[in-house]
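The values are calculated or read from the model by the stated rules, or taken from the named source; none is laboratory data. Not measured: the values here are computed from a predicted model. Ideal geometry is used to build each Cβ from the backbone, glycine not excepted, and the neighbour counts take in all protein chains shown.
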Amino acid sequence: MNVKALLLCLLPVAGHAQGFAGLGTAVDGFAVPQRGTPFDFPTDHAAHDNYRIEWWYLTANLKSEDGTDYGLQWTLFRSALSPESGSGWATPQLWMGHAAVTTPTAHYVSERLGRGGIGQAGVNADPFTAWIDDWELSGDWNTMQMSASGADFSYDMDLTAQGPLVFHGDDGYSVKSAEGQASYYYSQPYFDIAGALNLPEGEVPVTGIAWLDREWSSQPLGANQTGWDWFSLSFDDGAKLMGFRLNQTDGAHFTSATWIEPDGTATPMPDGAFNAVPLVENGQGVPVHWQVTLPEHGVDVTVEAINDNAWMTTSVPYWEGPVTVTGSHEGRGYLEMTGYD
Amino acid sequence: MLLTVENVQKTYGTADGPFEVLRGVGLQLDAGETLALTGESGSGKSTLLHLIGGLDTPDQGHIVLNGTDIAALDDNGRAELRRGTVGVVFQQFNLIPSLKVVDNIAFQARLAGRYDPIWAQTLADRMGLTAQLNKYPEQLSGGQQQRVAIARTLAPKPQLVLADEPTGNLDEETASIVMDLILELVAETGAGLLMVTHSQALAGRMQRRLHLRAGQIA
Amino acid sequence: MTRATLHALLSHWWRSPLQLFTLLAGLALATALWSGVQAVNAEARASYSAAATTLGEGRYDRLLRRDGQPIDLETYVALRRAGWLVSPVITGRLNNVRIVGVEPLTAPGSMGALEMADGADVERFLAGQGQMFASADVADRLPAFEVIISQNAAPNTAVTDIGIAQQILGRPGEIDSVVIAPNQPASQPDLSQIAPDLIRQQAQASTNVAQLTDSFHLNLTAFGLLSFAVGIFIVNGAIGLAFEQRRPVVRTLRALGVPLRRLVLLMAAELMFFAFIAGAIGVVLGYAIAALLLPDVAATLRGLYGADVSGTLQLRPSWWLSGLAIALGGTVVAAAGALWKLTRMPLLAGAQQRALAMAAGRRAWAQALGAGVLLAIYAILSVTAEGLIAGFTLLACLLVGAALALPFVLDRVLALASRGAKSVTAQWFWADTRQQLPGLSLALMALLLAMAANVGVSTMVSSFRTTFTGFLEQRLTSELYINTADPAQADAFVAYATPRVDAVLPIMFTQITIADQPTEIYGTRDHATYRDNWKMLEGADGHWDTTFAGDTIIINEQLARRAGLSIGDPVAVQGRQMPVAGIYGDYGNPIGQAIIGEHLFETLYPSITPDRFGLRIDPAKAPDFVAALTRDTDVSAAQVINQAGIKALSLEVFERTFTVTTALNILTLAVAGFAILMSLLTLAAMRVPQLAPAWAMGMTRSQLGRLELLRAVLLAMLTAVFALPLGLALAWALLSVVNVAAFGWKLPMYLFPLDYARLGVFALLAAALAALWPARRLARTPPADLLKVFSNER
């Protein structure tokens, strides 16, 4: 099986960049995000089968009792071959799960693939459950449970929301390129998280903070965009910053960010307001130290990976790992980099 | 002076130890002059001819041709000399077997970049080769082959013609005719001629003669 | 100047088309040999992967319903949701094609024919639009489907998405079994908690032939390199001759004033041009020959020339490149030496002749000395060599040493023969043959290497075949294998089957440690199945008798090697001491294995009862028995494995590989024969002055011609005699040194004298054919030409 080819369909980063298929028109019959569409919860927490791609993406910064930093990832991707739901084997909905635990010295990764329509993987709205195989994220978005496992690790976590949902861009309509490609994008960045990591060295009780992203679209990248560098930073003063830089084949960038006040007030930042400059690369040529600035809110920080080798050895590889933040603001967060393989 | 040879020495290594072929030879030749070099087998006359023709280098001494000391030239310089200034007629003809007579005659002139079709045609006519131009060397008699070799040597109009027993492989009558042709054409082009031979009769037809004995001019 | 010089150089070929032909043909044949071997290798590779696919279906553990009924979707999903990484499979028949439905997202690594070709459309495959993967012969029988031809598809099998398979087999929602992926999560609930009606069937470890085929492939690759060496010899010969023939012209050109550097550059450019042309011809020729010689041409062509073309001859760019690289690279290697010699060649001819002859004499001695040194290294390494690099060094020393030694050895043999010669003619013949030797030695070296390669290939391939079939016989002896679900079913099955079949052989084993080595120990019933089929590498007298009696133990080669055990050494099992009575080859098994008698096993491990059984039964009666068994008892068809079918299938696939190596033999001999022809033709011109005196003294021309022919055959025969031990040494080094280094076990070497005799006859025929034309030409030399030798003092 040519897994690579298969996953090119599954992972939004590499495939199906549809160029300038004018906004508001359907792409191969898929729906396209429209500005000003109100969200409808809990329905919108579940899958939108008529959009091409969608994900439930949770990252967490954890500490054990002895103060060691850990990172955790739980991700469920949905990719549709055609905009129908269907049931049984013939459903066009494909699912992929990625789970990881990062320690200062190790990075454990697991991947699952599955078909929709037979019950192996999916997302239900009420009660909310997102699952693939034995991995599961469930709850009412205030208190939630989460679990995943791999050949050499597993974890069980409880989550409690401490703040409201945050909507990026124009009330959740997030533009992804100068040409106007866009997605629906909202987050719950205020989770407290506690639980146990089961690692080869034994069980490690941990506590920390988690950030859950929800995003769906049918044409998220421009044809000339090669990948992205995405930051979710939680500062010690309670403010948060989500920012990303989309990298283009011509070396230019498109940036977007959301400044989140401690009370959850979100301010979208236009292209160019947010800046991320790579400082240091690891052995594989992936930048693991960054200079991140958002002058409008006095942010000028250095972002450093806790473990330089947080490479996701999944079918389509990328870098995803916990970071520490120093400079004008102190804090921690997560960094994701695609397009470096 | 076209050619000045001064104190040339040459030694070959052999199975019985080093052998001194030339032990300090000197001679001079002017443009338009003909000179016979005679001597016993092994007296060094062919070696001297090869040195003058730039086919080999002397161990000591000077060979000055048109003001250039050819002993000091590198391989390329000597190749250039052989192409343009000097023409050698070998005893074994040394024709290129895969080329037709007409191409063999033109060959050296083409190498030198001085090919003159009219002169080449004249040479062929004078050598009596008109009917043989489209044949290959192997289809010719020895005398005809040597005449092709002479025509080839003269085609670029060299300033100095060297001939090593040019009639050694020919019968007496043919030898005489070939000799007449060489002398006639050399005279016409105003070149100098240095001929190695052991025939007293041939040597007698040159303006001057030198005798080589045991590597020295006697 | 360049144009005039080039004209003079090229005119040579115009006047001597035969020489041009030999140069081009030599280069083309060497390239053809290389690309032909590549083709054979590719065919072998395709055969393995098809065989491995067939055998690989049993590679993973699976779960089956205890009652033999299909597994339902809910159970599959429950397993997945409990963290069991399993993948569903359904099989059935349509138009007599075996349809295998798999779930590509969850199927472990290389299960089934899932190596998708380029034409595959993942979306169509997954979206249930009917794509199938199958070999070409099957495609015709599935006209209603979009069949993608896959080189890796098992014979008579089409693989498709499980959703499609369920639909076309008319079994919606049904799953026959689920395959268990090798890597499972760190912790997962017990099977009994999730799906109590499923039982686990162990993987068929004994049919894992991956290591065996890897070994075979390594050996074939080594022979590919050898054929390349033969090719280089020939290219070298062809180019050396081309330079030799034009030596006087080169001298004349230089005397007329062409600088040496330019001459060398022009000749190099000229050669590269020829090499390019000849290389291209060679690539096409190689594939044409391979395609002609290989059986199953259609499948082969498809395998070689890309999956989606059928019938059209389309060479892959990589084959072109490697073929041309060989031609150009070989030419560079060969021409570098010749051009270097050219730059060293004195401008003036004459006095140097003797010096050259002396140098040739010195070279012959240096060559013999070099050969001696290399063969001495070989002798030392053959005792001490360990590891792959030492193994290949050993091979190189042997081959180069033997090739270099050949002229010297032949010269000594001929000198010896001439001493025994009585008649004048015989004396002259031997002396003249000796004189010919230097001119022919390069061609004879090529013949030597070609012959040795053939002897080596035959020995290696036949040894492999003997071992492989013997191994399959041994491991898959029983016609049917039955997996029972629990002791009760096992007892019921034994009671039912015993009166109905020839023999019921329980298979019971457990994991233990012998001499610190993890080992599977089997308790085995006293039956002819084992006595007849299990071949020991080493065995004491009556090893089965004593073992079945419970007095001795039989172990596999891996355990013997790792624990340093040999026949008679004591081994402790559960505190009981037994001597080793036999050691058997266990190809492809990574761990130790041991066999003791059934009764002893039951005494030592009373808690272990057999759940797996081999059945000996007339194969013709097997289907009826299976039908009756599944009707009369609760054993399901899914619990029955028809091993005879699997065995026959895999043997048939391998047979294809074995026969294609014949192509290699014919190719190498053809090339060597051509080298001889080339050398003889080149020598022909030199021969006239050598033969003229013999003619003048009263030998007829036809007599001389016959002697020429005889001489070539004689030299070929002597070379063949020398090549036989060389080929055997080569095969030995590959099987016993290189293989042990690479895989940790020795492939037994068998001798096949008939094959060697046939090869010898082929080699003599090749030599005779090559000598025929030159000999005829000689016999027809006009007397005038012979007379010229005397009239023309040259």
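Couple of notes before you dig in:
- Within region C:614-642, if we keep just the residues that are under 30 Å from C:Val573 (Cα atoms) and touching a helix residue (DSSP H, G or I) at 6+ places or on another chain (Cβ under 7 Å), the residue that is surrounded by the most Cβ atoms within 10 Å (Cβ to Cβ) turns out to be C:Leu615.
- Residue count for region A:174-208 satisfying the condition of being among the hydroxyl-bearing types (Ser, Thr, Tyr), surrounded by fewer than 18 Cβ atoms within 10 Å (Cβ to Cβ) and touching a Pro at 6+ places or on another chain (Cβ under 8 Å): 0.
- Members of region C:183-202 that are among the small types (Gly, Ala, Ser) and surrounded by 17 or more Cβ atoms within 10 Å (Cβ to Cβ): C:Ala195
- Take the conditions (1) buried (at least 19 other Cβ atoms within 10 Å of the Cβ); (2) not in a loop (DSSP other than H, G, I, E, B); C:Asp586 misses just one of them, which is (2).
- Boolean, A:Tyr70 is away from every other protein chain (no Cβ under 12 Å), over 19 Å from A:Phe153 (Cα atoms) and among the hydroxyl-bearing types (Ser, Thr, Tyr): no
- When B:Gly44, B:Gly61, B:Gly39, B:Gly54 are screened for being at pLDDT 90 or above and either touching a strand residue (DSSP E or B) at 6+ places or on another chain (Cβ under 7 Å) or under 22 Å from B:His211 (Cα atoms) (or both), only B:Gly61 passes.
- Scoring C:Val455 on the criteria (1) within 19 Å of C:Ala396 (Cβ to Cβ); (2) surrounded by fewer than 22 Cβ atoms within 10 Å (Cβ to Cβ) leaves a single failure, condition (2).
- Only one entry in A:Val123, A:Val101 is more than 14 Å from chain C (Cβ to nearest Cβ) and either touching a Leu at 6+ places or on another chain (Cβ under 6 Å) or not in a loop (DSSP other than H, G, I, E, B) (or both), namely A:Val123.
- Scope region B:27-42; condition away from chain C (no Cβ under 14 Å) and out of contact with any Gly (no Cβ under 7 Å at 6 or more places or on another chain); matching residues: B:Leu27, B:Gln28, B:Thr34, B:Leu35, B:Ala36, B:Leu37, B:Thr38, B:Gly39, B:Glu40
- Of the residues B:Gln146, B:Gln91, the single one that is assigned to a loop (DSSP other than H, G, I, E, B), under 16 Å from the mean Cα position of the chain (by Cα) and at pLDDT below 90 is B:Gln91.
- Output for region A:103-132, where each listed residue is closer than 22 Å to A:Gly71 by Cβ, crowded, with 17+ Cβ neighbours inside 10 Å and more than 18 Å from the chain's Cα centre (by Cα): A:Thr103
- Scanning region C:162-178 for residues being charged (D, E, K, R), crowded, with 19+ Cβ neighbours inside 10 Å and away from chain A (no Cβ under 12 Å) gives a total of 1.
- Candidates in region C:1-16 are the residues that are surrounded by fewer than 18 Cβ atoms within 10 Å (Cβ to Cβ) and within 15 Å of B:Ile105 (Cα to Cα); of these, the one that is nearest to the other protein chains (Cβ to nearest Cβ) is C:Met1.
- B:Leu140 touching a residue at least 24 places away in the same chain (Cβ under 8 Å) and under 14 Å from B:Leu185 (Cβ atoms): no
- The condition of being within 13 Å of chain C (Cβ to nearest Cβ), over 14 Å from the mean Cα position of the chain (by Cα) and assigned to a helix (DSSP H, G or I) holds for only one of B:Arg152, B:Arg114, B:Arg110, that being B:Arg110.
- Taken over region C:501-550, residues that are among the basic types (Lys, Arg) and surrounded by 15 or more Cβ atoms within 10 Å (Cβ to Cβ) amount to 2.
- Of all residues in region C:417-433, those satisfying the criterion of being part of a helix (DSSP H, G or I) and in contact with a Phe, Trp or Tyr (Cβ under 9 Å, 6 or more places away or on another chain) are C:Ala417, C:Ser418, C:Arg419.
- Of all the listed residues (C:Leu629, C:Leu615), the sole one being at pLDDT 85 or above, within 40 Å of the chain's Cα centre (by Cα) and either part of a helix (DSSP H, G or I) or assigned by TED's automatic domain parsing to the domain that holds C:Thr510 (or both) is C:Leu615.
- Members of region A:133-152 found to be surrounded by fewer than 24 Cβ atoms within 10 Å (Cβ to Cβ), at the interface with chain C (Cβ under 9 Å from one of its Cβ atoms) and under 18 Å from A:Tyr57 (Cβ atoms), listed by number: A:Glu136, A:Gly150
- Entry remark, region B:66-86: residues being out of contact with any helix residue (DSSP H, G or I) (no Cβ under 7 Å at 6 or more places or on another chain) and more than 9 Å from chain C (Cβ to nearest Cβ) number 9 in total.
- Scan of region A:190-232 for residues that are touching a strand residue (DSSP E or B) at 6+ places or on another chain (Cβ under 8 Å) and assigned to a loop (DSSP other than H, G, I, E, B), ordered by number: A:Ser218, A:Gln219, A:Pro220, A:Leu221, A:Gly222, A:Asn224
- If you check A:Gly272, A:Gly283 for being surrounded by fewer than 12 Cβ atoms within 10 Å (Cβ to Cβ) and more than 22 Å from the chain's Cα centre (by Cα), only one passes: A:Gly283.
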